[in-house]
Amino acid sequence: MLLSFSFPLLIFHLLRTTSRRKLHLPPGNLGLPFLGETLQLISAYKTENPEPFIDDRVSKYGTVFTTHVFGEPTVFSADPDTNRFILQNEGRLFESSYPGSISNLLGRHSLLLMRGSLHKRMHSLTMSFANSCIIRDHLLVDIDRLVRLNMEAWTGRVLLMEEAKKITFQLTVKQLMSFDPCEWTENLMKEYMLVIEGFFTIPLPIFSTTYRRAIQARGKVAEALGLVVRERRRESEKGERKNDMLAALLDEEGDGGGGFSDEEIVDFMVALLVAGYETTSTIMTLAVKFLTENPCALAELKEEHAEIRARKGEAETLQWDDYKSMSFTQCVVNETLRVANIISGVFRRAMRDVSIKGYTIPKGWQVFASLRAVHMDHNHFKDARTFNPWRWQANSGSSSSSSSSSSSVINVFTPFGGGPRRCPGAELARVELLVFLHHMVTRFSWVPAEQDKLVFFPTTRTQKRYPIIVERRDDS
Ligand code: HEM
C-alpha cells in the first residue's frame with residue numbers, strides 16, 4: 001500500500017524536478033502535490049510571528065525562490081529589486097490576477113481587474129480625485145467632521161477595529177457620492193460587510209454559506225448603488241452637479257466614447273469601497289495598539305498633537321498646515337505600515353517567460369512580490385522586527401544598516417505597492433490616519449480591555465477586534 005501510494009508521488013517529484021532544471025526556475029520546494037506549501041504558510045501567518053516561513057526559505061534558497069501556494073506553483077520574491085521589476089512591468093511582462101471567486105465579488109468592471117489603456121485612464125481618474133489639492137480643499141473638512149462625529153458616541157468599552165471600520169466606510173461613501181451617515185448608509189454597510197466576508201472564505205457556493213451570502217449581498221449593494229447612479233444621472237441632466245467621485249465618473253467618457261454604463265460605475269465604486277476600507281481601518285487600529293505598547297512613542301505623539309490643539313480653539317477643524325506639521329505622527333504611521341504590512345504582498349502572473357536574476361519565470365506562472373519580506377529584512381531596516389517610529393526621523397541614523405541614506409530606505413519601503421497599480425489612495429489614507437490619531441489622543445486616554453493577539457491570516461487583524469476602555473480627557 002505504501003509503495004502504491006509513494007510511487008506516483010515519486011514520479012510527480014521527478015517530473016517537477018526535471019522540468020524545473022530545464023526551465024532554470026529559482027530554487028525552492030513545491031511541497032505536497034496539490035497542497036504545495038499552503039498549509040505551512042497558513043499556519044505561520046495565523047501566529048503573531050509569521051516570519052519563519054520566509055526566513056527559512058530565504059536562508060535555504062535566497063531571496064527569490066519557488067514554492068506552491070493557493071493551488072499553484074509560485075515564484076516568491078523577498079527581494080526589493082525583483083519586486084520593483086515585477087511592479088514596474090505591469091501590463092508588459094506581468095499582469096495582476098485574481099481568482100474567479102474574488103472577481104465575482106469585485107464585479108467585472110472593477111479597477112482592480114481592468115487592464116491596458118482603460119486601466120491607465122481610470123487609475124489616473126482615481127488619483128485626480130484623491131490628490132493632495134483635492135484632499136486639502138475639499139475632503140479634509142469632512143474627514144475631520146466624520147471622525148469627530150463618530151468619536152462623540154464613544155464611552156467605556158469600545159471595539160476599536162469596528163469603530164475604525166465604521167469611520168472609513170462613512171468617509172468613502174461621503175467621498176464617492178456625498179452621503180452623510182444615515183439609515184441608508186447603515187444598511188449599505190451591513191450588506192457590504194457580508195461582501196467583505198466573502199473575500200476571505202472558501203469560494204465554493206455549494207459548500208460555503210458565507211460565500212453564497214456574500215454574492216447575494218453584492219447584488220444588493222450593486223442595486224442600492226445603481227439607484228443612486230440613476231438618480232444622479234437625472235440630476236446632472238438638469239444641470240445639477242455635486243463635487244464628488246461619482247460626478248467625475250458621470251462626466252467621464254467611457255471606453256466607446258459615450259460615457260460609462262451604470263454597471264461600470266457601480267463596479268468602480270465597489271472597488272474603491274473594497275480597497276480603502278479594511279486597509280485604512282486596520283492601520284488605524286494597529287497604530288493605536290503599537291502606541292499603547294510603546295509609551296514613549298505615545299507620549300511624543302501626544303505632545304505633538306497637544307501643541308497643535310494649543311494653537312487652535314477647542315472645536316476648530318484641522319487645516320492642511322496642521323496636517324503638514326504632524327511630523328512624528330507620520331513616522332508612527334510609516335512604522336505601523338512597515339511592521340503591520342496590511343497588504344503583505346501582491347500576486348501577478350507572468351505574461352511570457354521572464355528572466356530575473358539568472359532564473360526563468362515561465363509564462364503563465366504566478367508570482368508573489370512580498371512587500372512584507374523586504375520590510376522585515378534586517379539588511380534593509382536595522383532591528384527590522386522592532387517597532388521604532390524614530391527610525392523615520394531625518395538623520396536618525398537608525399533607518400538601515402546597509403542602506404543608510406533615507407532615499408534608499410524610501411526605495412525599499414513600499415506599503416502602497418508600486419508601478420502603474422500603485423495605490424491611488426495613499427495620500428488620502430495618510431490624511432485619514434493622521435486626523436484619526438489626532439482626535440484619538442487629544443480626546444481620550446485608554447487602556448486595553450483585554451489581551452488581544454495580532455495575526456496575519458486570512459488578513460492582518462487582531463483576533464478580538466482590539467477592545468479598549470476609553471476615558472474622555474477633561475480638557476477635550
Ligand atoms: C493604509 C491604507 C492602504 C494601503 C496599505 C493600501 C495599499 C495598496 C496596495 C499595496 C495596492 C497595490 C495593489 C496591487 O499592486 O495589486 C493598492 C491598490 C489600490 N488602492 Fe490602496 N491602500 C490603502 C488605502 C486605500 C484607499 C483609502 C483607497 C481609496 C481611494 C485605495 C484605493 C486603491 C485602489 C483603487 C487600488 C487599485 C489600483 C489599481 O489596481 O490600479 N487604497 N493599495
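Summed over the stretch 350-366, residues that are touching a helix residue (DSSP H, G or I) at 6+ places or on another chain (Cβ under 6 Å) and under 30 Å from ASN334 (Cβ atoms) total 1.
Among residues of the stretch 275-299 that are on the phi > 0 side of the Ramachandran plot, none has a Cβ under 7 angstrom from a residue that is buried (at least 18 other Cβ atoms within 10 Å of the Cβ) and charged (D, E, K, R) at a sequence gap of 6+ or on a separate chain.
Within the stretch 350-373, being free of Cβ contacts under 8 Å to residues at least 60 places away in the same chain and assigned to a strand (DSSP E or B) holds for one residue alone: SER355. Exactly one residue out of SER103, SER124, SER110, SER117 is among the hydroxyl-bearing types (Ser, Thr, Tyr), assigned to a loop (DSSP other than H, G, I, E, B) and within 14 Å of the ligand (Cβ to nearest atom), and it is SER110.
Taken together, the residues in the stretch 155-171 that are of a type outside the set (A, V, I, L, M), within 14 Å of the ligand (Cβ to nearest atom) and in contact (Cβ under 8 Å) with a residue 60 or more places away in the chain amount to 3.
Set side by side, the residues LEU159, LEU188 differ, and just one is out of contact with any Leu (no Cβ under 9 Å at 6 or more places or on another chain) and not small (Gly, Ala, Ser), which is LEU159. Residues in the stretch 44-90 that are surrounded by fewer than 22 Cβ atoms within 10 Å (Cβ to Cβ), touching a Gly at 6+ places or on another chain (Cβ under 9 Å) and in a loop (DSSP other than H, G, I, E, B): how many? Here the count works out to 3. Being hydrophobic (A, V, I, L, M, F, W, C) and within 16 Å of the ligand (Cβ to nearest atom): is that true of ILE342 here? For ILE342, the condition - hydrophobic (A, V, I, L, M, F, W, C) and within 16 Å of the ligand (Cβ to nearest atom) - is met. State whether the residues of the stretch 137-154 include one that is touching a residue at least 60 places away in the same chain (Cβ under 8 Å), surrounded by fewer than 16 Cβ atoms within 10 Å (Cβ to Cβ), over 24 Å from THR317 (Cα atoms) and aliphatic (A, V, I, L, M). For the stretch 137-154, residues touching a residue at least 60 places away in the same chain (Cβ under 8 Å), surrounded by fewer than 16 Cβ atoms within 10 Å (Cβ to Cβ), over 24 Å from THR317 (Cα atoms) and aliphatic (A, V, I, L, M): absent. Only one of the listed residues (ILE206, ILE215, ILE196) is modelled with pLDDT under 95, among the hydrophobic types (A, V, I, L, M, F, W, C) and not in a helix (DSSP H, G or I). That residue is ILE206.
In the stretch 233-254, how many residues are polar (S, T, N, Q) and surrounded by 14 or more Cβ atoms within 10 Å (Cβ to Cβ)? Going through the stretch 233-254 one residue at a time, the tally reaches 1.
Consider the stretch 92-110 and keep the residues that are among the aliphatic types (A, V, I, L, M) and modelled with pLDDT under 90. The one that is surrounded by the most Cβ atoms within 10 Å (Cβ to Cβ) is LEU105. Out of THR285, THR336, one residue alone is more than 26 Å from ASN83 (Cβ to Cβ), touching a Leu at 6+ places or on another chain (Cβ under 6 Å) and either at pLDDT 95 or above or within 16 Å of the ligand (Cβ to nearest atom) (or both). It is THR285.
Checking each residue in the stretch 127-138 for being assigned to a loop (DSSP other than H, G, I, E, B) and in contact with a helix residue (DSSP H, G or I) (Cβ under 6 Å, 6 or more places away or on another chain) picks out only ALA130.
The values are calculated or read from the model by the stated rules, or taken from the named source; none is laboratory data. Here the structure is a predicted model, which is why all the values come from computation and not from measurement. Reconstructed Cβ throughout: ideal geometry from the backbone, glycine too, with neighbour counts over all protein chains shown.
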